[in-house]
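Below is one structure; the comments refer to it alone.
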Protein chains: 2
Amino acid sequence: MSNVDQDNNNLFMGLALELAYTAFDNDEVPVGAVIVQRRNSEILSAFANQMRSLKSSIAHAEMLAIQKAMKVTHNERLIECDMYVSLEPCPMCAQAISFARIKNLYFAAEDEKSGGVLNGPKIFDSTSCHHKPQVHHGMMGKESSQLLKDFFKSKRKYK
Amino acid sequence: MSNVDQDNNNLFMGLALELAYTAFDNDEVPVGAVIVQRRNSEILSAFANQMRSLKSSIAHAEMLAIQKAMKVTHNERLIECDMYVSLEPCPMCAQAISFARIKNLYFAAEDEKSGGVLNGPKIFDSTSCHHKPQVHHGMMGKESSQLLKDFFKSKRKYK
């Protein structure tokens with residue numbers, strides 16, 4: 001990997017994490033996702049979770065980012081795009097990433113309880129998965145993981 | 001099951017199938033989905049696939065129906081609702097159905113290649129699945145299956 005690639009990865013994952021902090025401030029589960037067009041490093045979409053604000057349990061950052069990126073490109077396939085997300089995608093989002101034909105998936109923290117890539121149903125390894133992105137994980141994982149822990153700790157405090 | 005329940009099931013699955021026929025006419029993969037409020041049998045949402053028309057590979061009938069039902073009820077959980085869909089949901093939709101806390105899932109045809117309930121990652125049996133609906137399948141399965149076969153046959157003809 002070149003230094004430029006590494007710089008870009010830090011930049012985009014940093015943005016996903018910034019969005020996760022914003023989500024925290026808005027009382028949303030702190031997750032952020034960014035979709036980038038590879039050829040010119042253009043950001044097509046960047047979202048935090050909006051489950052509470054949209055009153056929708058499926059308004060995950062990744063779903064919103066995919067929906068928007070397809071809209072701006074007028075294309076149902078994001079074949080030359082990468083996704084950066086601060087948490088391991090759940091099975092719903094992992095399958096959506098596969099349908100979208102995302103090329104590289106970068107995620108920060110692992111999600112042992114509800115993740116669907118390394119954990120649970122391991123969507124990309126299933127016979128029903130017809131496109132598997134390249135998966136890279138761990139970058140900024142500790143920071144993202146700490147943010148999630150802080151969020152759920154603060155929730156328990158006020159219960 | 002009472003006769004009234006059986007009549008309702010036929011009515012709602014019939015509507016899901018009608019939507020699938022509409023999808024076929026619009027050159028969409030023929031799948032339809034309906035969400036019903038149990039207490040008064042009110043239809044909250046009814047959609048056909050719109051992947052082509054919305055240029056979105058995640059615009060499955062089930063996702064559109066869940067999104068709309070959450071919007072009209074102003075609730076991110078559809079705990080007293082049932083879903084009728086003409087084809088076994090894929091892993092993305094199955095996980096969304098779980099997040100939505102749908103009570104009963106009725107589907108017509110099985111999808112051995114891309115399904116996520118009885119096939120593939122069997123989402124509801126996974127450790128990452130925290131709500132499992134009651135699953136009922138097979139009703140009007142032959143008709144739905146034939147419609148899908150006709151659709152893909154017509155696609156091959158013009159390739």
Handout entry: Selected residue (only one of A:E42, A:E76, A:E62 is in contact with a Phe, Trp or Tyr (Cβ under 9 Å, 6 or more places away or on another chain), more than 22 Å from A:G115 (Cβ to Cβ) and modelled with pLDDT of 95 or more)
Key = A:E76
Practice task
Could you give me the residue pairs with C-beta distances under 6 Å whose first residue belongs to the stretch B:113-132 and is touching a residue at least 40 places away in the same chain (Cβ under 8 Å), whose second residue is outside any loop (DSSP other than H, G, I, E, B) wherever it lies, and which are 6+ apart or on separate chains?
Solution key: none
Completion exercise
Among residues of the stretch B:130-159 being under 16 Å from the mean Cα position of the chain (by Cα) and within 17 Å of B:N49 (Cα to Cα), the residue surrounded by the fewest Cβ atoms within 10 Å (Cβ to Cβ) is B:S145
Problem - Those residues of the stretch A:28-56 which are touching a residue at least 40 places away in the same chain (Cβ under 8 Å) and under 16 Å from A:K68 (Cα atoms), in sequence order - result: A:G32, A:A33, A:V34, A:I35, A:V36, A:Q37
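The values are calculated or read from the model by the stated rules, or taken from the named source; none is laboratory data. Because the structure is predicted, anything quoted here is derived from the model rather than measured. Cβ coordinates were reconstructed from backbone atoms using ideal geometry, including for glycine residues, and neighbour counts include every protein chain displayed.
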